Amino acid sequence: MAITMSPQHFFGFIIALTCILCYHNSLNCGFVFDDISAIKENKDLRPHTPWKNIFFNDFWGTPMQKEQSHKSYRPLCVLTFRWNYSFHGLEPAGYHLVNLLLHTLVSLMYFRMCTMFLPELMSFSAAMLFAVHPVHTEAVTGVVGRAETLSSVFFLAAFLSYAKATEQKKSTGWKHLFLSSIFVGTAMLCKEQGITVTGVCAIYEIFVAQKIRLSDLQQLCRAILGGKSVSLPSGSWPNEASKRLAVLCLSTIGLLFVRLQIMGSQLPVFTRFDNPASVATTPTRQLTYNYLVSLNLWLLLFPCDLCCDWTMGTVPLVESFMDPRNIATILAYLLIGILVWIAFISENRQQTTIIIMGLSFMILPFLPASNLFFPVGFVIAERVLYMPSMGFCLLVAYGFHLLSQRFNKKLTWMCLTFLLITHATKTYVRNWDWETEYSIFMSGLRVNQRNAKLFNNVGHALESEERYREALTFFHTAVQVQEDDVGAHINVGRTYNHLKMFKEAEEAYLKAKSLLPKAKPGESYQARIAPNHLNVFLNLANLISKNHTRLEEADMLYRQAISMRADYTQAYINRGDILIKLNRTKEAQEVYERALLYDSSNPDIYYNLGVVFLEQGKASQALAYLDKALEFDPEHEQALLNSAILLQELGRVELRKIARERLLKLLAIDDKNDRVFFNLGMLAMDDRNIEEAENWFRRAVHLKHDFRSALFNLALLLADDHRPLEAAPFLNQLVKYHPDHIKGLILLGDIYINNIKDLDAAENCYKQILQLDPVNIQGLHNLCVVYVERGKLLQAQACLKHAHRLAPTEDYILRHLQIIQSRVLRLKQAPGTDKEKELAFSGFDPREFGGESKHPDDEDVASEVTSNVLGMETTMGQSLGGIGRSKVVLIDKDLISESKTKAKPLVSNTKYKTVNSKG
């Protein structure tokens, strides 16, 4: 039996398929722009963060009560991000897939909504235009645009439910009305604009459900205010309609009240760099804001030049009434006015309904982002046009419907098809711009060259790839475009720092510092300065603190930053590090404890307090604070590493198990951390698991070829496991990168003597040691052994005498000197001459081993040796083969533990990154 599909289902299938075809390439895009702050850097998404934090923090993970919060309260949207994270972590494709599905759902719901006002075919046209409109790419392809799509789902659900509640003229569908109220609140918790659906519902109630004409409004208002009934086209005004409007009104007021309470009755603080018009004077501010209305309308009409960031100087201020751009403002309002006038005078009820509802859907959701009532953190943001475009597409579809009735129908449909194809193609191509940070910001620069933030962010994208020279070019251009942009100068300084051009870096930081606003009496300094701009103090202090003579100067910069913002915890963190370097650990402790007053859940502060107690030798207190840091952030890398080391050093088997778990957890976070592999090797050594320790050490060395401690301990492990020939290459690698590693040179020399039989190489090792440390007894003694192995007994005797003078309490040196003296005496007494004698008594330069040509104590030593010769001759042959092993290597726990990683304070490598417009 053939399966038939209704036209509505067929149209719905085509709409869904179109959405997938237009946006499937978005699955290849990564996290860019605002996604970095909202997804990658937002701890509210992490499983270890209590889920309830989502309802106390803003969209970006900042507590709502903080002044630097953007007050964007969207907990339900963040909750969906957290669900994404729980399934696939930071894999972008999953996030983009959810966005694509949400856009498809919105398009289908929008199609359903349009059928309430338009014929099915025209509703399909409107939904298709909505599905493919290029202005939606920021809302759909940008992951943070989910706030728009998710809110739109509940926006439309609220409207459709309300329409359902009004179907019966003499009764209210209270179930549907209740659902509508729930959906309104849900839409608002996804994004603030969601609450505007109550205004759309109210207009629907008045002009559609009750069939009120615009001309009836004046008479109706007078009657309601006077408590009288009035005759309307549909009869008298029903009480049920009043009840529904009352519910809408109370819901709106209640939700707004709750929203204001959550915000702390404070508007977010934005700078002139985010929205220049917000700090302009009258009439510039008003002229510019109204001009922006026409620009947004133009983006809906002709979405050709799309840009991810319209802040800073993208749109020059409209500073006078003579500015020709005011004509665009007049035309935009004139167009809206003409549509309202047509709705006012039209006898066609359907036409009136469509125009009124189209304008309602287009204007009301746009008002919160229009700047007309309160400033927002952007000039223009394409994503906020997602909801308003519903009304726009409805009006356009109706316009094509009228054209098809009055003109050539086929030609009209061809034009509409051409419009849909071009929009779909533009959308598909535009998606690729969102593939990487570099591609999206470069696409922005192709549209406008007046936005310093775009140049900054292209520079950041290049900087993340370590293309510092290219990044510097873009940062310099940003400075030229906006000379007073503090962040651009900070970026220039940081890039110079990467390039080791420290003088130029300091000059750039000082320039940025000079651009900070000056404090004014009686005015809150904190409200007039962007927190990111204070990073100039941190970056400058971090730079000059590399010079230990300027630590006090760095401390002064941190104190200055704290004086500007008492809650600037990053300055406390970095200042504490400086105080530790100055050996003022008690002050450092006080600084961190003061920081906890402002941010008691900051794991970095607890970590640094742990470091302070380590510096004070209080291991148990240090471990307690490191554990506290892990309580707030179980993935805190420094706390995981250094608490594991502390647990290991306590030497208890059960604690070593915990240490291992923490290191393996750290390894899961970052499998390229050579220090983790090294410390896992140290734990395996404690457990006497030689095979496992070797594996960890080898992996550490593989990641970091010059890893001093790993190279030495691996070689030591192999040598102790009777595999000296395997140890030799690692020791050669060690001394290649660290020619001052004395213990490595001693071990390498021992292997050359006893295993490789390369006396020249061994001699070079020991001479290198004596160049580094002329009184190193081990190196000197083993050089003497080389002379013994060569048969140069007289030189060996002089060498051992010198060693005995330097270390008279070392019995083994005296014992070996006695053996050599005995052999020298026996050779002297032997008759005749041979090659052995010639070699044994050959001339030498005592300066080779740091000795003198003649020393007054030589005779005393010689007589002491002679008196013991007869009693030692029996051991001489055995000792000659064993001298090299007796003190060449100290294979003990002390030697291994000397290379453990020590906890270091967390120092922020702060940089200014203009990453979002946060609308």
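The values are calculated or read from the model by the stated rules, or taken from the named source; none is laboratory data. These numbers were taken from a predicted model, which means no experiment stands behind them. Methodologically, a virtual Cβ is constructed for each residue, glycine included, from the backbone with ideal geometry; neighbour enumeration extends over all protein chains shown. Accessible surface is based on the protein model in full, side chains and every heavy atom, while ligands, DNA and RNA are left aside. Shrake-Rupley method; radii C 1.70, N 1.55, O 1.52, S 1.80 Å.
General remarks:
- Exactly one residue among Ser86, Ser37 is closer than 30 Å to Ala566 by Cα, part of a helix (DSSP H, G or I) and out of contact with any Asp or Glu (no Cβ under 9 Å at 6 or more places or on another chain), and that residue is Ser37.
- Residue, surrounded by the most Cβ atoms within 10 Å (Cβ to Cβ), within segment 464-486, restricted to residues that are touching a residue at least 60 places away in the same chain (Cβ under 8 Å) and assigned to a helix (DSSP H, G or I): Val486
- Any pair with Cβ under 7 angstrom, 6 or more apart, that starts in segment 725-736 at a residue that is over 15 Å from Asn764 (Cα atoms) and ends at one that is of a type in the set (S, T, N, Q): Leu725/Asn755
- Residue check, His48 modelled with pLDDT under 90 and over 23 Å from Thr186 (Cα atoms): yes
- Just so you know, in segment 381-395 the residues that are touching a helix residue (DSSP H, G or I) at 6+ places or on another chain (Cβ under 6 Å) and hydrophobic (A, V, I, L, M, F, W, C) include one that is surrounded by the fewest Cβ atoms within 10 Å (Cβ to Cβ), and it is Leu395.
- When we screen His103, His96, His176 for residues that are in a helix (DSSP H, G or I) and without any contact (Cβ under 8 Å) to a residue 24 or more places away in the chain, the only hit is His176.
- Checked against (1) open to solvent by less than 20 Å² (accessible area, probe 1.4 Å); (2) assigned to a loop (DSSP other than H, G, I, E, B), Ser360 meets all criteria but (2).
- Residue ID - least open to solvent (accessible area, probe 1.4 Å), chosen from residues in segment 179-196 that are free of Cβ contacts under 8 Å to residues at least 60 places away in the same chain and more than 33 Å from the chain's Cα centre (by Cα): Ser180
- When we screen Pro238, Pro276, Pro268 for residues that are more than 20 Å from His176 (Cα to Cα) and either surrounded by fewer than 16 Cβ atoms within 10 Å (Cβ to Cβ) or modelled with pLDDT of 75 or more (or both), the only hit is Pro276.
- Once segment 737-763 is narrowed to residues that are surrounded by fewer than 22 Cβ atoms within 10 Å (Cβ to Cβ) and touching a residue at least 40 places away in the same chain (Cβ under 8 Å), the residue that is nearest to Leu780 (Cα to Cα) is Lys743.
- The residue pairs whose first member lies in segment 635-656 and is closer than 21 Å to Leu609 by Cβ, whose second member is among the aromatic types (Phe, Trp, Tyr), and whose beta carbons are closer than 6 Å, counting only pairs six or more residues apart or on different chains, are Gln638/Tyr607; Ala639/Tyr607.
- Qualifying residue in segment 768-778 (condition: without any contact (Cβ under 8 Å) to a residue 24 or more places away in the chain, part of a helix (DSSP H, G or I) and under 30 Å from Pro808 (Cα atoms)): yes
- Test for Gly313: is it part of a loop (DSSP other than H, G, I, E, B), of a type in the set (Gly, Ala, Ser), open to solvent by 10 Å² or more (accessible area, probe 1.4 Å) and in contact (Cβ under 8 Å) with a residue 40 or more places away in the chain: yes
- Out of Thr473, Thr427, sole residue that is at pLDDT 95 or above, among the hydroxyl-bearing types (Ser, Thr, Tyr) and farther than 30 Å from Cys19 by Cβ: Thr473
- For segment 11-43, a residue qualifies if it is among the aliphatic types (A, V, I, L, M) and touching a residue at least 40 places away in the same chain (Cβ under 8 Å), and the qualifying residues are Ile14, Ile15, Ala16, Ile20, Leu21, Leu27, Val32, Ile36, Ala38, Ile39.
- Between Glu836, Glu810, Glu848, the distinction of being within 60 Å of the chain's Cα centre (by Cα), more than 25 Å from Pro739 (Cα to Cα) and open to solvent by 60 Å² or more (accessible area, probe 1.4 Å) belongs to Glu810 only.
- Any pair with Cβ under 6 angstrom, 6 or more apart, that starts in segment 551-570 at a residue that is under 13 Å from Ala595 (Cα atoms) and ends at one that is among the small types (Gly, Ala, Ser) and surrounded by fewer than 19 Cβ atoms within 10 Å (Cβ to Cβ): Gln570/Ser908
- The residues of segment 286-305 that are crowded, with 19+ Cβ neighbours inside 10 Å and either free of Cβ contacts under 8 Å to residues at least 24 places away in the same chain or outside any helix (DSSP H, G or I) (or both) amount to a single one, Pro303.
- Top-ranked residue in segment 316-340 [being within 30 Å of Thr141 (Cβ to Cβ) and either assigned to a helix (DSSP H, G or I) or among the hydroxyl-bearing types (Ser, Thr, Tyr) (or both); ranked as least open to solvent (accessible area, probe 1.4 Å)]: Ala332
- Of all residues in segment 78-132, those satisfying the criterion of being under 27 Å from Pro303 (Cα atoms) and in contact with a His (Cβ under 6 Å, 6 or more places away or on another chain) are Met122, Val132.
- The single condition from (1) buried (at least 24 other Cβ atoms within 10 Å of the Cβ); (2) within 21 Å of the chain's Cα centre (by Cα); (3) hydrophobic (A, V, I, L, M, F, W, C) that Leu79 fails is (1).
- Considering the conditions (1) modelled with pLDDT under 95; (2) open to solvent by less than 30 Å² (accessible area, probe 1.4 Å), His88 is excluded by exactly one of them, (2).
- Residue satisfying condition, being at pLDDT 95 or above, of a type in the set (A, V, I, L, M), assigned to a helix (DSSP H, G or I) and within 32 Å of the chain's Cα centre (by Cα), within set Ala127, Ala131, Ala157, Ala139: Ala139
- For segment 631-661, residues that are closer than 22 Å to Asp44 by Cα and either touching a Leu at 6+ places or on another chain (Cβ under 7 Å) or not in a helix (DSSP H, G or I) (or both) total 8.
- One residue from Thr412, Thr436, Thr422 being without any contact (Cβ under 8 Å) to a residue 24 or more places away in the chain, within 26 Å of Trp310 (Cα to Cα) and open to solvent by 10 Å² or more (accessible area, probe 1.4 Å): Thr422
- Identity of the residue in segment 341-350, touching a residue at least 40 places away in the same chain (Cβ under 8 Å) and surrounded by 14 or more Cβ atoms within 10 Å (Cβ to Cβ), that ends up nearest to Leu394 (Cα to Cα): Ala343
- Among all residues of segment 519-531, there is at least one that is at pLDDT below 95, within 22 Å of the chain's Cα centre (by Cα), buried (at least 16 other Cβ atoms within 10 Å of the Cβ) and part of a helix (DSSP H, G or I).
- Single residue of segment 687-724 satisfying the filter (charged (D, E, K, R) and either in contact with a strand residue (DSSP E or B) (Cβ under 7 Å, 6 or more places away or on another chain) or part of a helix (DSSP H, G or I) (or both)) that is least open to solvent (accessible area, probe 1.4 Å): Glu694
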